[in-house]
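One structure is given here, and the rest of the page talks about it.
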């Protein structure tokens, strides 16, 4: 994703420019990030191969807000997603590098410094990459990243290769991703030995 021209900040104050999507062009990437972590994704116990389609890191500037609704006085928190390049390793795992300081801390709204924090890293894909196929993924938040401990998301093996969910709820209307479980012990006993998992593990560079 390209950082935007800071001169565009003036445009954001005009009518119709205070929604979430209109803010993203204001935020800038740090040209010299230093705080790097290597994140490895391992898919364990899957019935077949996967085509990993995306990696991304989410950031939020807590304590820094912009006006969402002038009349109601509603304010929003700046958020930004950075797409991460990744490589497929000979052992079948996937690797990407994420920076805690990928975003540039600046006074974007004239109300003080916006200090960005990484909220999490996610990776996902589907068996073939077909558009009508359900996707799976894993996620690790900042605490998990810094702990350098593995974080797994579990799915029933029977879900592999299934069609994308129908639009029966708000999540499925905007995403083809199936929601897994972080704690396998919460699943019925008959499923606990018939799962596959997306496991993310970080290492500080």
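Taken together, the values in this text are just the output of simple stated rules run on the coordinates, not laboratory data. These numbers were taken from a predicted model, which means no experiment stands behind them. Don't worry about glycine lacking a Cβ; one is built from the backbone with ideal geometry, like all the others, and counts go over all protein chains shown.
The stretch between residue 34 and residue 105 holds 24.2 nm of extra length on full extension. This uses 0.36 nm per residue minus the Cα-Cα distance. Here 74, 82 are placed in order of increasing Cβ neighbour count within 10 Å, fewest first, which gives 74, 82. Note on residue 24 and residue 159: the extension gain reaches 45.1 nm, defined as 0.36 nm multiplied by sequence separation minus the Cα-Cα distance. Along the Cα-to-C-beta direction of residue 204, a point sits 7 Å from the Cα; which residues of the range 129-146 have their amide N less than 20 Å from that point? The answer is 140-146. Our estimate of slack between residue 89 and residue 192, defined as 0.36 nm per intervening residue step minus the Cα-Cα distance, is 34.3 nm. Quick one: if you stick a label point 7 Å off each Cα along the C-beta vector at residue 81 and residue 132, how many nm between them? Going from the residue 81 label point to the residue 132 one covers 2.4 nm.
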